[in-house]
Amino acid sequence: MSAKSIREFHGKQLVSKHLAEYSAGQHDLESRVVQITASSLEDVAAVEAANPWLLTTPLVVKPDQLIKRRGKAGLLAVNKTWPEVQEWIKARMGKEQKVEVVTGILDTFIVEPFVPHAPEDEYYVCINSNRDGEEFLFHHEGGVDVGDVDAKAVRLQVPIGDKTSAADIEKALLQKVPEERRAVLSGFLAALFDLYRDLNFVYMEINPLVVVGTRVTPLDMAAKIDETAAFLCGAKWGDIDFPAPFGRPEFPEEAHIKKLDGSTGASLKLTILNHSGRIWTMVAGGGASVVYADTISDYGFGAELANYGEYSGAPSESQTYEYARTILGLMTRTHHPEGKILIIGGGIANFTDVAATFTGIISALRQYADELREGNISIWVRRAGPNYQEGLRKMRAVGEELKIPIHVFGPETHITAVVPMALGLKSVDAPEFGDVPAPKPKNIVSKDAVAPPRASISDGAGSITSELTSAGSSPALLPTPAPAGARNRGQVENFTPATRAIVFGLQNRAVQGMLDFDYMCKRKRPSVAAMVFPFSGNHYVKFYWGLSETLIPVYTSTAEAVKRHKDASVLVNFSSFRSVYETTMDALQFSSQIRTIAIIAEGVPESQTRSIIKEADARGVGLIGPATVGGIKPGCMRIGNTGGMLDNIVMSKLYRPGSVAYVSKSGGMSNELNNIIARASDGVYEGVAIGGDRYPGTRFIDHLLRYNDDPNVKMMVLLGEVGGVDEYEVCAALESGRISKPLVAWCIGTCASIFPFEVQFGHAGACARGQGESAADKNTAMAKAGAVVPTSFDDFPKKIAEVYEELKSSGVITPREEPPEPKVPMDYTWARRLGLVRKPANFISTISDDRGDELCYAGMPISEVFSEKIGLGGVVSLLWFRRRLPDYATTFIEMILMVTADHGPAVSGAHNTIVAARAGKDLVSALCSGLLTIGPRFGGALDKAAEMFTQGSDSGMSAAAFVKAMRNKNQLIMGIGHRIKSLSNPDMRVTIIKEYAQAHFKNNKVLDFALSVEQETTKKKETLILNVDGCIAACFVDMLRSCGAFSQEEADELIANGCLNGLFVLGRSVGFIGHFLDQKRLKQPLYRHPWDDISYIVGDM
């Protein structure tokens, strides 16, 4: 969704703000313009304070909601005072207004100064971007009665990369403008053009453009900008919004999904068409979402279609849940007397785990189960792709569980076949998933597709011979000539079993998929020669090659990869939309070797795409994309994830060539075409998804001409879509006879005609911007030119089968026996995900889980850790004890950490830390140096003290008997004794801990025993008090035993496992780190112990 309409207010603001910069200060624009909404009318004084000119200037007011021909609709007031403007707006604010066939609510207005002028002062100007550059349309008479500007206007095309001057503009456009105005008008237009390009506008129409004296003023402006260019010029755009078309107010749920979409790498789109409609869709994939809307419309239910949208790009379970929850919430708000229909559809996914996304949808279905039953809602599911069997099984099971009618279909059912069944127009004539085994595609291939010749592959040092297939296995290919009638633009090469590629980006999954496909096709060498990743040194990555393994080199630059792999002629570019321009332009410098580049990224700014295309055409390099999944040539090579998982490769017979070659806009639908063609014919010979952007690197005609000139191709298939005019090149080639083979063609997006407002479909290019760009217009034109065009996409497979059968009947295609299906080992990770294998884990963890959308501590999501404010003590309780302890217990844990954090620099642990820090060691090393001193004599007394006091308390002996027993064993009582503190001079740390425990713990049995022991030991010496270690130990045992979270046995086990010493280590680490930072801050030198503090005894002992 690249080109987005903006409000007139924002368009004029952008021009006003930046025009002086682009005209070197010679032109500026009226900057006095204000936007009025309902909230503005509530505080008119604030509006007047910010815009005092409103009180003294004659004004113009009009709605600013993407409404065309406002003057003719009576939605324009001129030469009004500010009070009159307010009254005019109040009379219309929040009211319904019909404009031609569209009815909407007026809620946003623009107010600006009135510019007195004569009719002859008005001009018409439009700048519109196209594939080759920008085109000016200019007419010397502007205004509401300008008429057919396409027929009247003079034009100036400015190619990509070229500049235009005021002199060029004056010569080409202004010959009918009075001579005294030409200089000022041409200068203005030249600056406007530079601004237009630099700010990534894609369309700007000003009518009228008024010239009074030397002042140029746009009175009425309509503009679109390329939303994908936000990372390039968002700072110059500032705060702008993209309003919904007039007549289709944006729902809060749409804004919610838009926000969700902006926070993820997946694609989540939602447009509400009719919130009370009966038919709702939840479709995976941009192309698939359009064909479902088309089919619903084609069957006459377009008025009942409630929404349009898509989820794609492997959204997470939580994202899919949120998307599904939003749709179900909207759908169940109202009931329909006939019940409602939800179609959960999609094509055959390339890499999205269907079961994972369905898990999120199932969660939402459970949440809305009551509402779905009350609303008499039936659900129809059709999906395929990775792990689809498990996803469909779960979906069927949840229908039975919730007692909701859910009908489930897989890839054996045509993608839109569920629509007439759901609408009640056809009986359920296809077997549902799980009812019967799925039928297999036709087991036939072309007779003249015979074993391939041996191919010589250059490896730099010499040649090695590679045979694609063993005798009698897979059908192979006749020599393919270069396409005749080559034009002045880059051509994609014809892939062979020897074609090799360089992959830009560490896309290990895609590379493994390419290698698995190679292995299935019996290539002797991987199609991936190398990978490029600039952010690490040169290295190797290990991949599977069948059952064995192989290494693929990774380089830091394309230049090095090209230099080292002379046989690589294809670059598969997985760079992000932010960096793909630079990486592709860099790769084009090696056009003598790199002849084809596939650009996978979506969201590439149109200005960058067009520059790439121009450079590629100049160098004769063929482009596939941007916004593409790639392409596939059975028996030879595939690009990236094209064709999906291995089971789909086998199901669609993509491991050997058929007779049908296709070209598609949509990547997701290309996988569906593989399935359709495999079931309707002998299979795919080659397929390319050119990409969903408005300006694909190569067009339909480029690939169809290759196919037409290839003797291995017997028929062709084209799947286009609404938007753009590339299909008309195909029409011309059909009419001239340049395309002579049968072509079955269809453009999706026919449903656009039922909407009274403009709808942007899933792809950036899927929106009719001009005459002839509608799907219906293009389908009509292709049928007239001689293509075989069905009545709807639902009949597309039928037409392919009819043409194929005719070719078979006429002898053009002769069936032959299907070769055996190849076997490729499944990766362990995927096999385990499918539930096919199991193995014991090397590690077991029960305290945390980072696998989902949110980190969990003992099952508690990290967001709840913060929202419920459990603190550090709560985190310790979760991770150490796998329990959420009461607040008083977690507070006690934090108290322990605070009182044990430090005990001065003289103790052994702190001393060691300081010495290590002064020796120049890093923080971790110095910390370890201090921690290693913790043991029975320093800090480690806690565990032993807990053991002694617990055993004494549990034994039932008196404190006196306990002390006597320890004396008889000649054993010190851990936790008793202090260097200077006594009963009369207590340790405040002990007092704080003891009093807290006595106030909050349910039982203090061990503490009471320890205090009794203290009474006995202080009789001998006053400093033999219960020290901080002993107090913590006794209180901690009482806390564990009495908090209700543990049995006595569990509490004792925790103590025995060393958790008390762990608390000391954790607390004292705070102090050790403090000492390290202190020494670094003070820049203390290397420590050397003074010799006079050492007794040197060197004689005999």
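Annotation for region 360-409: trypsin sites (Lys or Arg not before Pro) lying in DSSP loop with at most 12 further Cβ atoms inside 10 Å of their Cβ are K403. The modelled label-to-label distance between E48 and D145, using points 7 Å beyond Cα along the C-beta direction, is 3.9 nm.
The chymotrypsin sites (Phe, Trp or Tyr not before Pro) found in region 865-957 include none that occupy coil by DSSP while having at most 10 further C-beta atoms within 10 Å. Assuming R0 = 30 Å, what is the FRET efficiency of A776 and K426, from their Cβ-Cβ distance, to the nearest 0.05? About 0.80, to the nearest 0.05. Taking every protein chain into account, the accessible area of region 982-1101 amounts to 56 square angstrom per residue (probe 1.4 Å).
Within a straight-line Cα-Cα reach of under 17 Å, K921 can be paired with the following aspartates and glutamates, leaving aside sequence neighbours fewer than 8 residues apart in one chain: D1078.
Which shape class applies to region 657-834: rounded if a/c is under 1.5, otherwise prolate when a/b exceeds b/c and oblate if not, where a ≥ b ≥ c are the square roots of the Cα gyration tensor eigenvalues? Judged from the Cα gyration tensor, region 657-834 comes out oblate (a/c at least 1.5, b/c at or above a/b). Amide H contacts under 5 Å for I1025: G977, H978, restricted to partners 5 or more places along the chain or on a different chain, H placed in the peptide plane at 1.01 Å from N. Per residue, region 138-282 exposes an accessible area of 43 Å² to a 1.4 Å probe, with every protein chain left in place.
Treat each spin label as a single point 7 Å out from the Cα along the C-beta direction, and report the S736 to S576 distance in nm. About 4.3 nm separates the two model spin labels.
Computed from point charges on the beta carbon alone (+1 for Lys and Arg, -1 for Asp and Glu), the dipole magnitude for region 343-414 about its Cα centre is near 100 Debye.
Which shape class, rounded, prolate or oblate, goes with region 902-946 when its Cα gyration tensor gives a ≥ b ≥ c as root eigenvalues, a/c under 1.5 marks rounded, and past that a/b bigger than b/c marks prolate? Prolate, since a/c reaches 1.5 and a/b exceeds b/c.
For E96 and D887, the difference between the fully extended length at 0.36 nm per residue and the C-alpha to C-alpha distance is 279.1 nm. Ranked from largest, the principal axis spans of the Cα set of region 3-231 equal 49, 36, 36 Å.
Accessible surface of T357, taken over heavy atoms with a 1.4 Å probe and every protein chain present, rounds to 0 Å². Per-residue ellipticity at 222 nm from helix content only, as computed over the chain with -39500 (n - 2.57) for each DSSP H run of at least four residues, stands at -11500 deg cm²/dmol. If amide H atoms are built 1.01 Å from N in the plane of the peptide, which residues on other chains or at least 5 residues away come under 5 Å of the amide H of Y368? Amide H neighbours of Y368: none. Pull out a ≥ b ≥ c, the square roots of the eigenvalues of the alpha-carbon gyration tensor of region 252-423, then state rounded if a/c is under 1.5, prolate if not and a/b is larger than b/c, and oblate in the remaining case. Here region 252-423 falls in the rounded category.
Fully extending the segment from L879 to N968, taken as 0.36 nm per residue of separation minus the present Cα-Cα distance, adds 28.0 nm. Our estimate of slack between N376 and E854, defined as 0.36 nm per intervening residue step minus the Cα-Cα distance, is 168.6 nm.
Which percent of the Cα-Cα distances in region 492-627 go past 20 Å? Result for the distance tail: 43 percent. Counting only Cα atoms, region 606-739 measures 39, 33, 29 Å along its principal axes, largest extent leading. Legend: residues M826, M282, sorted from most to least accessible area (1.4 Å probe; ligands, DNA and RNA excluded), read M826, M282. Treating r as the C-beta distance of E1053 and E250 and R0 as 51 Å, the FRET efficiency rounds to 0.30.
Expressed as a fraction of 2.2 N^0.38 Å, the value expected for a compact globular protein of N residues, the C-alpha radius of gyration of region 198-266 is 1.48.
Cross-link check: pairs K394/K524; K12/K95; K633/K798; K633/K784 evaluated at a Cα-Cα cut-off of 32 Å; pairs beyond the cut-off: K394/K524. Within the shell of other residues whose beta carbon sits under 10 angstrom from the beta carbon of K741, the net charge comes to -1, with Lys and Arg scored +1 and Asp and Glu -1.
For region 887-1082, a Kirkwood radius taken over Cα pairs fed into Stokes-Einstein (25 °C, viscosity 0.890 mPa s) yields D = 141 µm²/s. The heavy atoms of E606 offer some 10 square angstrom of accessible surface to a 1.4 angstrom probe. R0 = 56 Å: FRET efficiency of D162 with S536, Cβ-based, nearest 0.05? It comes out at approximately 0.90. For the listed residue pairs K224/K259; K171/K778; K258/K665; K258/K653, the alpha carbons are over 31 angstrom apart in K171/K778; K258/K653.
Taking the empirical scaling 2.2 N^0.38 Å for compact globular proteins as reference, region 227-267 has a Cα radius of gyration ratio of 1.35.
Coupling constants for region 146-156 follow from the phi torsions by the Karplus curve (6.51 cos²θ - 1.76 cosθ + 1.60, θ = phi - 60°), and in residue order they are 5, x, 7, 5, 4, 7, 8, 5, 8, 10, 9 Hz; glycine and proline get x.
Summing charges over neighbours of E112, with a neighbour being any other residue whose Cβ is under 13 Å away from its Cβ, gives +1 when K and R count +1 and D and E count -1.
Here is the P(r) of region 975-1057: all C-alpha pair distances, binned every 5 Å from 0, give 3, 17, 25, 22, 17, 10, 6, 2 in whole percents. In the list (1) 61.5; (2) 53.6; (3) 56.5, the label attached to mean projected area of the Cα convex hull in nm² as derived from the coordinates here is (1). Loop-located GluC sites (Glu not before Pro) in region 986-1044 (DSSP state not H, G, I, E or B) with no more than 10 neighbouring Cβ atoms inside 10 Å do not occur.
In terms of packing, defined here as the mean over residues of other Cβ atoms within 10 angstrom, the peptides 1034-1045, 579-590 line up highest first as 1034-1045, 579-590. Scanning residues 5 or more positions from L273 or on other chains, those with amide H under 5 Å from its amide H are N307, Y308, with H placed 1.01 Å from N in the peptide plane. Sequentially through region 78-91, phi angles give Karplus couplings (6.51, -1.76, 1.60; θ = phi - 60°) of 10, 6, 10, 7, 4, x, 5, 4, 4, 5, 4, 5, 4, 5 Hz, Gly and Pro residues having no value and appearing as x. Among residues other than Y123 with Cβ under 15 Å from its Cβ, the summed charge is -4 (Lys and Arg +1, Asp and Glu -1). If each of A73 and I992 carries a label point 7 Å out from its Cα toward its Cβ, how far apart are those two points in nm? A separation of 7.0 nm, rounded to one decimal place. Accessible area per residue was computed with a 1.4 Å probe on protein heavy atoms; R833 scores about 130 Å².
The values are calculated or read from the model by the stated rules, or taken from the named source; none is laboratory data. Predicted model, so just to flag it, every value in this text is computed and none were measured. Glycine gets a Cβ as well: all are built from the backbone with ideal geometry, and neighbour counts include every protein chain shown. What goes into the accessible areas is simple: the full protein's heavy atoms, side chains included, and nothing from ligands, DNA or RNA. Shrake-Rupley method; radii C 1.70, N 1.55, O 1.52, S 1.80 Å.
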